[in-house]
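Written below as structure tokens is the structure these notes are about.
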Ligand SMILES: Nc1ncnc2c1ncn2[C@@H]1O[C@H](COP(=O)(O)OP(=O)(O)OP(=O)(O)O)[C@@H](O)[C@H]1O
Ligand SMILES: [Mg+2]
């Protein structure tokens, strides 16, 4: 670790506007860490399966080893949302009366397709994967969806903790009432309360995840030297700061090499320089690392190696 840096954090999130290079840079960072001997898990949420393509492996919902110290997993939020709803349905079958069950099931079926459900399912998976570190993995690198979505995910634990607490309290009240009614009727109380148990478990999980996101997470914001990604970065920095998430470094991707030729390319280079200056001016209190625009898309490990080298030379840890 170089002098003056924040203490090393074991969880890394790569975020930024659509298409700026989150998947590419997250894969490069995970490869770099693994190359240094840290047992690393790369978590992708990219529905285009590009992480698998870059690493030359067919990935699934379970972590899979792709090189000596590198594992990768691809989360499918839609599939997870389905499983998640099925789990809740199973709980409901155990604990609600047969008269209301069809209504509850219908309601859950509708919930399956709402974006909030996918987000919760994704968050649940993130929380599970976070808990594998440091026991199973030294580092976990999350390649996330575009900024807005990721920010909601990171701020979700704060909301969910409060929500889960409220629901647990409500449920405790209801359970107390139910007990009282049963006593009045002279019937025996059934063992435990599966819903309450699950809610308590979730409350505990959210609470723990929130702690890890505040204490053990570094956020890497990726952008390219263009107007809209710069503005999105400004917004993301504000939101992350307001939620106590540490932004470790800004990664400016697709920076042209100096030696471009032709009027058109020189003009683009000139424009990029203006944006790069603006980035330094507006965000310069954070470390800013520049990654070169390669001649071709990064679609395999050989091409990724150049990006890995650049991150290494920039001292990313
Ligand atoms: N430095 C670079 N040089 C050349 N091509 C690059 C570079 N960085 C990324 N690319 C290419 O740009 C495209 C988008 O990159 P990537 O998929 O990593 O972006 P993303 O931010 O993950 O996108 P999304 O928001 O859709 O998930 C890919 O085809 C990738 O190969
Ligand atoms: Mg991506």
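So if each residue of separation counts as 0.36 nm, and I subtract the Cα-Cα distance between residue 238 and residue 106, what length gain in nm does that give? Could you put the intermediate results ahead of the total?
Numbers: separation 132, 0.36 × 132 = 47.52 nm, distance 3.97 nm.
Taking residue 238 through residue 106 to full extension adds about 43.5 nm, to one decimal.
Under a 10 Å cutoff between Cα atoms, tell me which one of 184, 55, 110 has the largest fluctuation in the Gaussian network model of the chain. Per the Cα network of the chain with a 10 Å cutoff, 184 tops the list. The angle between the Cα long axis of helix 101-112 and the main principal axis of the chain comes to about 10°, on a 0 to 90 degree scale. Against the chain, whose longest principal axis comes from its Cα atoms, helix 115-130 is set at around 80 degrees. A Gaussian network model of the chain, with springs between Cα atoms under 10 Å, assigns the largest mean-square fluctuation among 252, 96, 73 to 96.
Residues of the range 214-252 with an amide N closer than 19 Å to a point placed 7 Å from the Cα of residue 138 along the Cα-to-Cβ direction: 216-218. The long axis of helix 194-215 is offset from the longest Cα principal axis of the chain by roughly 20 degrees. Convex hull volume of the C-alpha atoms in the range 179-317, normalised per residue: 196 Å³.
Straightening the chain between residue 301 and residue 263 buys 10.4 nm, computed as 0.36 nm per residue apart minus the Cα-Cα spacing.
With viscosity set to 0.692 mPa s at 37 °C, what whole-number translational diffusion coefficient in µm²/s follows for the chain from Stokes-Einstein and a Kirkwood radius over Cα pairs? Could the numbers behind the result be given before it?
Numbers: Rh = 21.7 Å.
So the translational diffusion coefficient is about 151 µm²/s.
For every helix of n ≥ 4 consecutive DSSP H residues, a contribution of -39,500 (n - 2.57) applies; sum these over the chain, divide by its total residues, and give [θ] at 222 nm rounded to the nearest 500 deg cm²/dmol. Intermediate values should be presented prior to the final figure.
Numbers: 10 runs with 178 residues, N = 317.
After summing the helix terms and dividing by the residues of the chain, the value is -19000 deg cm²/dmol.
Note on the chain: with a GNM built from Cα contacts shorter than 10 Å, the maximum mean-square fluctuation among 261, 136, 82 falls on 261.
Bear in mind these aren't lab numbers, they're just calculated from the coordinates by the rules spelled out. Quantities reported herein were computed from a predicted structural model and do not represent experimental measurements. No Cβ is skipped: glycine too gets one built from the backbone with ideal geometry, and neighbour counts run over all protein chains shown.
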